[in-house]
Amino acid sequence: MYSAIGQEAKKSSNDNQIIHIHHATYLAFDKRFGDGAQRLIGNVEMEHAGMLLNCDSAYVYNSNTSARAFGHVHAMKKDSMDLYGDSLHYHGDTKKAEMFGQIRYIRKAMTLVTKHLMYVADSSRVNFWDGGTVTDSGTVLVSRRGTYFMKKRVCAFKDDVVLTNPSYIIHCDTMAYEPDAQTAHFSGPTHITGKNTNMYCVAGYYDSHTGISDFWHHAVIISKKGERLSGDSIYYDKKKDYGAVTNNVSLKDSADNITIKGNYAIYRGEKRTIMVTKHAEMDQEYEKDTLHLHGDTLYGYNISMSDTNKSNKTPKLLLAYHHVKFFKKDFQGKCDSLSYDEKDSVMRMFSNPIVWSDQNQLTADTMRLFMANKKLNLLDMRHNSFIISRDTLASKEDSLQFNQIKGRNMKGSFRDNKLYKVKVIGNAQTIYYVYSDNNNTIVGANRADCSNMLIYIDSNRVKSITFLQKPDATLFPMKTIKIADFLLGNFTWHINERPMREEDIFKLD
């Protein structure tokens, strides 16, 4: 038996490179090696620079500056690491240890399993190249290559990285994982699969301890119900179910064909709401057309990215505030604020609302648009109601010949998104131009006043009028009238404010 315990070690200039042999059952010099190698067999124990090494057998070379260890190899540093493997090559001059076989690197709750590993003492790091698996507090991380920085306590993984946690799975190209903080930083195309949502980004981080994540570059979250939230960056607090999205924001509900867009959004899962601002827009897709709506700020209610119950079809509510405009090919509008409720399919417009339908301009203090089968069905106009359309048969485009309907309240009925009937309730007035000879010759202007009227419209022209109470109607020949005088009180033609294409909803009047 050989033991150096209790013996005085020789001092030399390269003593910090020498591997000290503490114990072995048998020691011999192997003459097959020209550098005077020592062969140690049985319960071998060696030490170098604070690292203790145990194994079944070993060769020590070059005046005790390098060694090869075999069988049940165990390298350890107090309160730092335990390294187990089948064989090890240790260089005292560079303080590098290369290990082979069934390898386990253990530090506190973290365990790394691999087949080929390099331990570098000076830089306090561990490298592997042939695939490795890290297990830490319920988290399992697999990659082809990796490095563990002992001082920083950070694992850096590369190529085919997969992190599996009870709550989610991450697939990415590159990841830095902090075991103590339970935080993963990832880069390259990254896919995250959770219980309720799937996520994608090109870079970001996730803290499984706090539940806070931040995703960058084409970040996307997709709920199990099919709702899709995307943006240049997404910040999300899982515990609070709170998120903030920046730049190129898009929330798409494929079930209802609704997309809300903007450049900044706040999502509050507890209240099931999302607020979108900075170039905010809502798009509602129909069979052959899309409604585009803009407001300075949009609020969506009954929206949840974490609700997995696809049958839970709670009607959504949209609120739009300030400088509201919307465009659809067959009708447009504007107002200061607006609400749309899926529950009754009613769009409510407030503060100087205007709706354009075909050639008609409709105004009132407030309006309610009723939809049926995703088409305009009824327009309820309250207080100071006014419908105007330019007389398309007038000789000049800038003519002041306008067909007009005015009253306290009105109800406009639509067929195929075209106004065909108007009921005027209270203080009803109308002016419309009459033609003969198949609309080739103008006869005059018909002016009528009545308490209530029922008006039918065809091709944007008055087809018939039913006077319901106390009518007073007069047909004025054209040669006797002055066109400018045939404008009802508070007449205003808002043609320059009408959105003529999708981009116009963002124009300020």
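Every number here is computed from the coordinates shown, using simple stated rules; none is lab data. All values reported here derive from a predicted model rather than from experimental measurement. Every residue, glycine as well, gets a Cβ built from its backbone with ideal geometry; the counts of neighbours run over all protein chains shown.
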* Output ³J(HN,Hα) for the range 159-166: one whole-Hz value per residue in order, computed from phi by the Karplus curve 6.51 cos²θ - 1.76 cosθ + 1.60 with θ = phi - 60°, and x for Gly and Pro. => 6, 6, 7, 9, 10, 10, 10, x
* **Positive-end extreme of charge dipole, the chain - chosen from Tyr90, Ile483, Ala265 (charges on Cβ)** => Ile483
* To do: Let me know the charge dipole size of the range 373-507 about its Cα centre in debye, to the nearest 20, where only the beta-carbon of Lys, Arg (+1) and Asp, Glu (-1) is charged.
  => 440 debye
* Using the Cα gyration tensor of the range 151-227, with a ≥ b ≥ c the square roots of its eigenvalues, what is the shape: rounded (a/c below 1.5), prolate (a/b larger than b/c) or oblate (neither)? -> prolate
* Structure fact -> Given 70-83, 193-206, the highest-first ranking by average Cβ count within 10 Å works out to 193-206, 70-83
* Structure fact -> Placing each pseudo-label 7 Å from Cα in the direction of the beta carbon, Phe491 and Phe506 end up separated by a distance in nanometres of 3.7 nm
* Structure fact -> Among [x] 38, 28, 21; [y] 86, 18, 15; [z] 45, 23, 19, the entry matching semi-axes √(5λ) of the Cα gyration tensor in Å as calculated here is [y]
* For the range 244-401, with only Lys/Arg (+1) and Asp/Glu (-1) charged at the beta-carbon, what is the dipole magnitude about the Cα centre, in debye rounded to 20? -> 360 debye
* Asked: Which is farthest toward the positive dipole end of the chain among Thr314, Met199, Phe29, measuring Cα position about the Cα centre, with Cβ charges +1 (Lys, Arg) and -1 (Asp, Glu)?
  -> Thr314
* Asked: Among all the aspartates and glutamates, which ones have a C-alpha under 17 Å from Lys158's C-alpha, if same-chain residues fewer than 8 places away are not counted?
  -> Asp130, Asp173, Glu178
* Asked: Which listed residue (Asn43, Thr111, His72) has the Cα farthest towards the positive end of the charge dipole for the range 22-113, taking +1 on Lys and Arg C-beta and -1 on Asp and Glu C-beta about the Cα centre?
  -> Thr111
* Asked: Can you list the lysines whose alpha carbon sits under 20 Å from that of Lys77, skipping same-chain ones fewer than 8 residues off?
  -> Lys95, Lys96, Lys108, Lys151, Lys152
* If you place +1 on the Cβ of every Lys and Arg and -1 on the Cβ of every Asp and Glu, how big does the dipole about the Cα centre of the chain come out, in debye to the nearest 20? -> 1060 debye
